[in-house]
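Only one structure is covered here, and it is reproduced in the block below.
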């Protein structure tokens with residue numbers, strides 16, 4: 001990634017005190033590629049409302065692992081701003097999604113998660129089947145047509161055991177194209193048949209974008225001592241980014257990558273990685289990376305965390321299938337377990353990070369894995385990152401904050417921000433957003 005020169009012009013053009021209110025269109029116009037976003041993107045209620053409308057209500061977002069609703073009648077709810085969605089497995093074992101609103105007088109139908117035979121409104125007992133059709137509505141006039149009052153569906157896709165939803169009337173069309181690229185990589189793990197070993201919601205004291213930006217780089221990974229005994233802290237590093245300090249680590253990484261390539265070929269998985277984070281609507285990246293030490297899992301120095309391998313995985317030294325999808329999710333899929341992450345905004349300055357650990361369906365706690373050990377690395381890493389996000393939220397709200405340049409190894413942060421800014425610009429339209437400020441890296 002090209003370094004952005006820190007010039008007086010750049011500092012002056014990006015300086016906005018928190019007491020000023022700048023229209024979102026103007027913020028978008030003057031955003032310079034290669035630099036962090038202005039304060040208002042993390043602190044302004046108008047921007048937050050736009051995020052909920054344009055990003056979380058119109059894009060594909062990760063909702064849950066299919067393993068969270070393993071049986072017919074199992075359901076969970078997903079809150080997106082003021083909207084609520086029910087994700088349920090129907091009697092034919094298909095995953096469906098509906099707006100969590102009764103078609104009678106609007107009551108919420110279900111809360112949290114659980115099991116139902118039918119969906120029954122708690123207010124007046126209107127009853128729907130698991131395909132959303134209205135079965136019963138008492139005391140209706142002659143001619144009442146139940147078929148006109150089915151639950152309103154929400155777009156849903158089950159991508160090899162990962163469930164995505166889109167609340168828009170017309171969902172972005174390129175999800176299926178992305179799924180065709182990703183699914184062959186996920187197929188051997190059979191995540192749809194996995195079991196939830198644990199799930200934890202972490203309250204973040206930061207705007208959802210700060211949580212995502214923190215995930216999209218490993219520039220700070222020295223602050224994760226538990227993680228980097230197994231995880232090579234070289235994500236998004238190119239050869240020219242390797243400092244003398246990192247050279248021995250990089251050479252060890254290259255040897256591990258060569259060994260993993262042999263294992264991947266024997267397993268018959270695709271050998272091509274993908275990085276399309278900013279240049280398509282369903283932005284994503286997929287990289288199958290080696291692990292350090294024993295190379296098996298996220299245990300200390302790469303040790304295994306479960307005795308049972310997922311799905312059809314044959315070799316315990318199967319690396320880390322790392323997947324990012326814009327705007328709110330990332331995944332680590334290993335030979336013996338998977339960890340899936342999602343971020344949802346709860347206010348302009350707070351969000352929730354949900355972490356879910358998946359294991360083989362027949363893996364037994366206390367026999368095949370120890371739950372505390374399985375969770376240890378990401379419990380520690382998430383807490384460490386939470387402190388960093390909270391400190392950054394305080395910093396970007398400070399009147400002294402001025403956007404700074406990204407480093408050479410923060411390409412995926414830039415890609416996330418670029419994807420996000422593009423979605424807002426497309427929504428507001430060219431008439432609302434004048435031509436952008438020239439790229440600060442161009443020297444113009």
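The values are calculated or read from the model by the stated rules, or taken from the named source; none is laboratory data. Since the structure is predicted, the reported quantities are computational estimates derived from the model, not experimental observations. Because the Cβ atoms are built from the backbone with ideal geometry, glycine has one as well, and the counts that use them run over all protein chains shown.
Observations, loosely collected:
- Residues in the stretch 142-174 that are on the phi > 0 side of the Ramachandran plot and touching a residue at least 40 places away in the same chain (Cβ under 8 Å): 161 only.
- Residue 351 falls short of the stated requirement of being out of contact with any strand residue (DSSP E or B) (no Cβ under 8 Å at 6 or more places or on another chain) and in contact (Cβ under 8 Å) with a residue 60 or more places away in the chain.
- Residues (without any contact (Cβ under 8 Å) to a residue 40 or more places away in the chain and either touching a strand residue (DSSP E or B) at 6+ places or on another chain (Cβ under 6 Å) or assigned to a helix (DSSP H, G or I) (or both)) located in the stretch 408-434: 426
- Taken over the stretch 264-284, the criterion of being part of a loop (DSSP other than H, G, I, E, B) and within 23 Å of the chain's Cα centre (by Cα) is satisfied by 270, 272, 273, 277, 278, 279, 280, 281, 282, 283.
- Residue under evaluation residue 144, criteria (1) outside any strand (DSSP E or B); (2) under 22 Å from residue 64 (Cβ atoms), criterion not met: (2)
- In summary, residue 243 fulfils each of the numbered conditions (1) over 22 Å from residue 319 (Cβ atoms); (2) under 20 Å from the mean Cα position of the chain (by Cα) with the single exception of condition (2).
- Per the listing 110, 130, 151, the residue uniquely surrounded by 17 or more Cβ atoms within 10 Å (Cβ to Cβ) and under 25 Å from the mean Cα position of the chain (by Cα) is 110.
- The set of residues in the stretch 84-118 being farther than 13 Å from residue 153 by Cβ and touching a strand residue (DSSP E or B) at 6+ places or on another chain (Cβ under 7 Å) consists of 84, 89, 108, 109, 110, 111, 112, 113, 114, 115, 116, 118.
- Residue in the stretch 398-409 that is assigned by TED's automatic domain parsing to the domain that holds residue 356, crowded, with 21+ Cβ neighbours inside 10 Å and within 22 Å of the chain's Cα centre (by Cα) present: yes
- Qualifying residue in the stretch 158-171 (condition: part of a strand (DSSP E or B), loosely packed, with under 15 Cβ neighbours inside 10 Å and out of contact with any helix residue (DSSP H, G or I) (no Cβ under 7 Å at 6 or more places or on another chain)): no
- Scanning the stretch 130-140 for residues that are assigned to a loop (DSSP other than H, G, I, E, B) and in contact (Cβ under 8 Å) with a residue 24 or more places away in the chain yields 130, 131, 132, 137.
- Selection of the stretch 193-206 for residues being crowded, with 20+ Cβ neighbours inside 10 Å and either over 29 Å from residue 42 (Cβ atoms) or not assigned by TED's automatic domain parsing to the domain that holds residue 314 (or both) yields 194, 197.
- Selection count where residues are touching a residue at least 60 places away in the same chain (Cβ under 8 Å) and under 17 Å from the mean Cα position of the chain (by Cα), scope the stretch 175-205: 11
- Condition check for residue 137: surrounded by 17 or more Cβ atoms within 10 Å (Cβ to Cβ), farther than 26 Å from residue 57 by Cβ and in the same structural domain as residue 310 (by TED's automatic domain parsing): no
- Any chance residue 310 is part of a loop (DSSP other than H, G, I, E, B) and within 29 Å of residue 366 (Cα to Cα): yes
- Any chance residue 240 is within 18 Å of residue 340 (Cβ to Cβ), in a helix (DSSP H, G or I) and out of contact with any helix residue (DSSP H, G or I) (no Cβ under 9 Å at 6 or more places or on another chain): no
- Residues that are out of contact with any strand residue (DSSP E or B) (no Cβ under 8 Å at 6 or more places or on another chain) and within 22 Å of residue 228 (Cα to Cα) occur in the stretch 400-407; there is at least one.
This table checks each residue for (1) surrounded by fewer than 19 Cβ atoms within 10 Å (Cβ to Cβ); (2) under 30 Å from residue 63 (Cα atoms).
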position: 187; (1), (2): yes, yes
position: 191; (1), (2): no, yes
position: 209; (1), (2): no, yes
position: 213; (1), (2): no, yes
position: 249; (1), (2): yes, no
position: 257; (1), (2): yes, no
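- There is no residue in the stretch 60-79 that is farther than 23 Å from residue 358 by Cβ and touching a residue at least 40 places away in the same chain (Cβ under 8 Å).
- Qualifying residue in the stretch 288-307 (condition: touching a residue at least 60 places away in the same chain (Cβ under 8 Å), closer than 19 Å to residue 181 by Cβ, touching a helix residue (DSSP H, G or I) at 6+ places or on another chain (Cβ under 9 Å) and surrounded by 20 or more Cβ atoms within 10 Å (Cβ to Cβ)): yes
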